[in-house]
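Report on the following structure.
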Amino acid sequence: MASSFATQDSSHLADCPTQPTKRRIVRERGQREVFCGLTGIVWLHRKIQDAFFLVVGSRTCAHLLQSAAGVMIFAEPRFGTAILEERDLAGMADAHEELDREVERLLARRPDIKLLFLVGSCPSEVIKLDLGRAAERLSAKYLPKTRVLNYSGSGIETTFTQGEDACLASMVPTLPATDPAAPANLLVVGALPDIVEGQFKRIFDELGIGPVAFLPPSRSDELPPVGANTHFLLAQPFLGDTARVLESRGAKHVSASFPFGAEGTTAWLQAAASLWNVDPMLFRKVIAPSRERAKRSLAPYRQQLEEKTVFFFPDSQLEIPLARFLSQELGMIPLEVGTPYLHRQHMEADLEHLPLNAQLSEGQNVDKQLDRCLAAKPDLTVCGLGLANPLEAQGLRTKWSIELVFSPVHGFEQAGDLAELFARPLNRQERLAV
Amino acid sequence: MKLTVWTYEGPPHVGAMRVVTGMRDTHFVLHAPQGDTYADLLFTMIERRKERPPVTFTTFQSRDLGKDTAELFKDSAKEAYERFDPQLLLVGASCTAELLQDDPGGLASTLGLPVPVIPLELPSYSRKENWGASETFYQVVRGLADTERRAPSKEGRKPRCNILGPTALGFRHRDDVKEISGLLRAMGIDVSVVAPMSATPSDFVRLGEADFNIVLYPEIAETAAKWLERTFGQPSVKTVPIGYGATTEFIKEVGDIAGVDPALGLAQDESRLPWWSRSIDSTYLTGKRVFIFGDATHAVAAARVATEELGFKVVGLGCYNREFARDLRAAAKEYGVEPLITDDYLEVERQIAELQPELVLGTQMERHIAKRLGIGCAVISAPVHVQDFPARTSPQMGFEGANVLFDTWVHPLVMGLEEHLLNMFRDDFEFSDSSGPSHLANHASPASADEHVQPADNVVAFPEETAGDQVTWEADAESELRKIPFFVRGKARRNTESYAAERGISVINIATLYDAKAHFAR
């Protein structure tokens, strides 16, 4: 694959004498038009079925949570906000006592909750409310029935998907230890839709790779074990802290492209297969049907998207792997790929397959970036909900980035769906005569 | 500390954003952490606005906290001024920045900008969105209105008014303003300034040149209108023209204040509501039990329309904004119901489940509650959703607004003859009540509405104590109960159980069911 990439790259060189030899990275400071890490609760609370997420924050936090998804999700909200009030701030009330009372009420009426996350927010951090201490105290009180953990989803600490990173990192110390004598095990890290987990599990089983576990699990009593014999694959590109704490428990990171599209998924599975010394013939045989299906499903979208330009605003850290997918597998031309934070090591494999003339930008000055975007006139702009309609009104076609986090997009069987998400705005443009 | 699942109102700075986003040539610099920019999507997605709200967020992060967030604020304000070239700059802080005490107002004044800068104090830990909108509007009015200006001599000109209160992201504000402006025009009255929506800062300067003000949305404009009254002697029209009767009164009040003949306005009466309501097809609406919740102004207005103009019976009335609780309490007293003043959505859900109304008039929150309970619902108030910004013109106010109310409130109900048929042939295999009103294809089909007396297990709510704990049902009586249409079944169960409990009956049979029915016959 690396060699085919090199060929592709040199053909670009032939076409274009000014082809850069080094990638341009813009680093900017200014207004960042991004969600904070609390937003991750919207999908995490559905993923971990016996967990409750209690944000300790302000009315703004509660308002964000109900607005973030663009809709209010009314089915079984296993999250809430303990809203700080004036008396908490003025020291008239002991915030810890108040919190204990709210947690007691909550757990009394939700006895099914086995894992409670106290989620820190901007205000709780600024007033230095020690939620770590609160979690320890409350765990001591409610264990073994309910474990209480804490992490920060605040905007001053986390950007959007980093909330999931912080959440998973907070779970790592509670994972049981593997038996040091046991054979190697594989841990897949990052919240995935159940159907995608099932697909990956079947492939790993057929390859003879295992035991395989997933973090986060669907139920908090199914915590995967971790230890020196654990190898972990990241399913999501935004899990830097989680990877670090897993490594501190002895687990080893399996470096790979992220599993988007036919090529990304192949590379991701290949990385695990190599470690497990899976016979290359067996590997090819096992993945061939799904890989071929993925390629077939991508073909019609390649026709629609090839040579089309795309511009990514920073949002979820999925930007680089997705730009790699669009470029390598669908022939799109990434003009600028924004990311809130560039984790070079985790992005290495995807960056290798991203054309060098695709400009990276880290951080954001949204006004300047909008200027660049409007000047570049990309065929498709991937951006957040706050920017999409204003850009559409200026004649650009956009894809809401949040949908990429909320939809099953990983793996072979979803490759076509993922491509369709990018093709739809262009498809719609063709249909409309108004 | 107070546990909240869903909120009726955002924080006060979102109220400020609603005012600024409605205005023109104005920019708001908000000292706020990264993440608070989520508020932009309320405007670009829900209201489908084509421009970003004119708001610059400083979006500080933790690394800035150790350095100088005040400097960051100044840089942001300066850059925002240079880029957006506004005639007016507002500055304020969101909840987190409030804790930093950087004093945006003081910092902005050191920049020496050549435009007015109005600092906003938005106490996030004690106030909410409507208050924030009201305070922002008041501060802009007070800061810009030229106190030297007065309405010119009345000789040779039409009476002149300002319309106060409409904002961005308001429930039908866009269409209400259009409707009421048309009505005023027909009465020979000039609309001088509509604010904050569509007003420029220079429009605010000349607010004093009008003869009087119309307070369309008291939640947002009452404070400012009182100041204008004190400062310029401008009287306020206080009737909110929601419904046929209120519109008529509004016209008379305007006529009085402006010194014009109300007949000019009343001649605009194109409302079909009075006849639609009197026509015999509407007989089935008589005494429909309706639960009403929203902001106080819309809820109180809805209660009147429901009672006087549709012949419904108000069984519950509430609002989420305590600032206007007094008005709501007075109305509740008039309809003989307990006022429900709360911003706790679980409390509202509990009360709807208990009252088992046939129709809920509420906000987007109540729409979800009603959907879950299998009850018809129409939205009458913010908080809003994308559906509350229809493509067509759909006011709540004025004569056309009354038509809209009739249509949207009657639509969710099971229609007259259908209701009779459901009563007659309950066990019909095709035409069953569990499929809901036949004209609403995707109406939620409640499996068994009476089970909803208790909130479903998967809802965050305290379990209800029901009379059902003490009394049991004979199988015959239970199956008779199931023959009662779903939209009244829950009420029948509750009435029968309380009837039995009061009389010490521990087992309910068919006779108890019908005794209770006779007892509670309305």
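Looking at region A:189-246 only, could you name the residues that are in contact (Cβ under 8 Å) with a residue 60 or more places away in the chain, assigned to a helix (DSSP H, G or I) and not β-branched (Val, Ile, Thr)?
If the condition is that a residue be in contact (Cβ under 8 Å) with a residue 60 or more places away in the chain, assigned to a helix (DSSP H, G or I) and not β-branched (Val, Ile, Thr), then A:GLN199, A:PHE200, A:PHE204, A:GLU206, A:LEU207, A:GLY240, A:ASP241, A:ALA243, A:ARG244, A:LEU246 are the ones that fit.
One line per residue, one yes/no per condition, for (1) open to solvent by less than 50 Å² (accessible area, probe 1.4 Å); (2) under 20 Å from A:ARG291 (Cα atoms):
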{"residue": "A:PHE238", "(1), (2)": "yes, no"}
{"residue": "A:ALA243", "(1), (2)": "yes, no"}
{"residue": "A:GLY250", "(1), (2)": "yes, no"}
{"residue": "A:HIS253", "(1), (2)": "yes, no"}
{"residue": "A:SER257", "(1), (2)": "yes, yes"}
{"residue": "A:GLY264", "(1), (2)": "yes, yes"}
{"residue": "A:ALA271", "(1), (2)": "yes, yes"}
{"residue": "A:LEU275", "(1), (2)": "no, no"}
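Quick check on my filter: what residues within region B:36-86 are of a type in the set (A, V, I, L, M, F, W, C) and farther than 18 Å from B:VAL20 by Cα?
Of everything in region B:36-86, those that are of a type in the set (A, V, I, L, M, F, W, C) and farther than 18 Å from B:VAL20 by Cα turn out to be B:PHE60, B:LEU65, B:ALA70, B:LEU72, B:PHE73.
Of all residues being among the acidic types (Asp, Glu) and out of contact with any Phe, Trp or Tyr (no Cβ under 8 Å at 6 or more places or on another chain) in region A:18-55, which is surrounded by the fewest Cβ atoms within 10 Å (Cβ to Cβ)? Just the residue, please.
Here the answer is A:GLU28.
Go through region A:126-150 and give me each residue that's open to solvent by less than 10 Å² (accessible area, probe 1.4 Å) and either within 12 Å of chain B (Cβ to nearest Cβ) or more than 17 Å from A:ASP94 (Cα to Cα) (or both).
A:ALA134, A:THR146, A:VAL148
Yes or no: B:ARG367 assigned to a helix (DSSP H, G or I), more than 12 Å from every other protein chain (Cβ to nearest Cβ) and at pLDDT below 95?
So B:ARG367 fails the test.
Looking at (1) closer than 17 Å to A:GLY155 by Cβ; (2) part of a helix (DSSP H, G or I); (3) more than 9 Å from chain B (Cβ to nearest Cβ), find the lone condition where A:PRO123 falls short.
(3)
For A:GLU413, indicate whether it is within 24 Å of the chain's Cα centre (by Cα), closer than 27 Å to B:THR37 by Cα and surrounded by fewer than 20 Cβ atoms within 10 Å (Cβ to Cβ).
No: the conditions fail for A:GLU413.
Of the residues A:ALA358, A:ALA388, A:ALA376, A:ALA323, only one is open to solvent by 10 Å² or more (accessible area, probe 1.4 Å), of a type in the set (Gly, Ala, Ser) and not assigned by TED's automatic domain parsing to the domain that holds A:LYS201; which?
A:ALA376
Return a yes/no flag: does region B:124-137 have any residue that is open to solvent by 30 Å² or more (accessible area, probe 1.4 Å) and more than 14 Å from chain A (Cβ to nearest Cβ).
yes
Answer yes or no as to whether B:GLY255 is out of contact with any strand residue (DSSP E or B) (no Cβ under 9 Å at 6 or more places or on another chain), open to solvent by less than 40 Å² (accessible area, probe 1.4 Å) and either of a type in the set (Phe, Trp, Tyr) or not in a loop (DSSP other than H, G, I, E, B) (or both).
Here the answer is yes, as B:GLY255 does meet what is asked.
Here is a list: B:PRO218, B:PRO262, B:PRO241. Which entry is surrounded by 18 or more Cβ atoms within 10 Å (Cβ to Cβ), within 29 Å of B:THR147 (Cβ to Cβ) and of a type outside the set (A, V, I, L, M, F, W, C)?
B:PRO218
Out of region B:58-73, which residues are part of a helix (DSSP H, G or I), open to solvent by less than 50 Å² (accessible area, probe 1.4 Å) and within 7 Å of another protein chain (Cβ to nearest Cβ)?
B:SER62
Mind counting the residues in region A:182-233 that are at pLDDT below 95, surrounded by fewer than 20 Cβ atoms within 10 Å (Cβ to Cβ) and of a type in the set (S, T, N, Q)?
1
Taking B:SER192, is it of a type in the set (Ser, Thr, Tyr) and under 26 Å from B:ASP407 (Cα atoms)?
So B:SER192 fails the test.
Looking at (1) open to solvent by 70 Å² or more (accessible area, probe 1.4 Å); (2) farther than 20 Å from A:ASN185 by Cα; (3) touching a helix residue (DSSP H, G or I) at 6+ places or on another chain (Cβ under 8 Å), which is the only condition A:ARG291 fails?
(1)
Could we say that B:PRO104 is at negative phi, over 29 Å from the mean Cα position of the chain (by Cα) and buried (at least 23 other Cβ atoms within 10 Å of the Cβ) here?
Here the answer is yes, as B:PRO104 does meet what is asked.
Of the residues A:LYS128, A:LYS141, only one is part of a loop (DSSP other than H, G, I, E, B) and not assigned by TED's automatic domain parsing to the domain that holds A:GLY227; which?
Criteria check complete, one pass: A:LYS128.
Could you list, in sequence order, the residues of region B:322-357 that are outside any helix (DSSP H, G or I), open to solvent by less than 20 Å² (accessible area, probe 1.4 Å) and at pLDDT below 95?
Listed by number, the residues that qualify are B:GLN356, B:PRO357.
Take region B:182-215 and flag every residue that is open to solvent by 20 Å² or more (accessible area, probe 1.4 Å) and in a helix (DSSP H, G or I).
Matches in region B:182-215: B:GLY182, B:ARG185, B:ALA186, B:SER202, B:ASP203, B:VAL205, B:GLU209.
Kindly list, by first and then second residue, each pair from a residue in region A:257-277 that is part of a helix (DSSP H, G or I) to a residue that is among the acidic types (Asp, Glu), limited to pairs with Cβ atoms under 6 Å and residues at least 6 apart or on different chains.
A:GLY261/A:GLU329; A:GLU263/A:GLU329
I need the full set of residues from region A:56-108 which are open to solvent by 50 Å² or more (accessible area, probe 1.4 Å), modelled with pLDDT under 85 and more than 18 Å from B:TYR345 (Cα to Cα), in order please.
A:ALA90, A:GLY91, A:MET92
Here is a check on your reading of the model: is B:GLY66 free of Cβ contacts under 8 Å to residues at least 12 places away in the same chain and among the small types (Gly, Ala, Ser)?
For B:GLY66, the condition - free of Cβ contacts under 8 Å to residues at least 12 places away in the same chain and among the small types (Gly, Ala, Ser) - is met.
Give me a count of the residues in region B:1-57 that are more than 7 Å from chain A (Cβ to nearest Cβ), among the hydrophobic types (A, V, I, L, M, F, W, C) and either surrounded by fewer than 23 Cβ atoms within 10 Å (Cβ to Cβ) or in a loop (DSSP other than H, G, I, E, B) (or both).
Residues meeting the conditions: 3.
Sort through B:SER94, B:SER76 and tell me the only one that's open to solvent by less than 10 Å² (accessible area, probe 1.4 Å), within 11 Å of chain A (Cβ to nearest Cβ) and modelled with pLDDT of 95 or more.
Going through B:SER94, B:SER76 in turn, just one is open to solvent by less than 10 Å² (accessible area, probe 1.4 Å), within 11 Å of chain A (Cβ to nearest Cβ) and modelled with pLDDT of 95 or more: B:SER94.
Checking A:GLY250 against (1) at pLDDT below 95; (2) on the phi > 0 side of the Ramachandran plot; (3) of a type outside the set (D, E, K, R), which single condition isn't satisfied?
For A:GLY250, the exception is condition (1).
The values are calculated or read from the model by the stated rules, or taken from the named source; none is laboratory data. Since the structure is predicted, the reported quantities are computational estimates derived from the model, not experimental observations. Here the Cβ is made from the backbone with ideal geometry for all residues, glycine too, and neighbour counts use every protein chain on show. Each accessible area value is taken on the protein alone, full model and side chains, heavy atoms only, with ligands, DNA and RNA left out. Shrake-Rupley method; radii C 1.70, N 1.55, O 1.52, S 1.80 Å.
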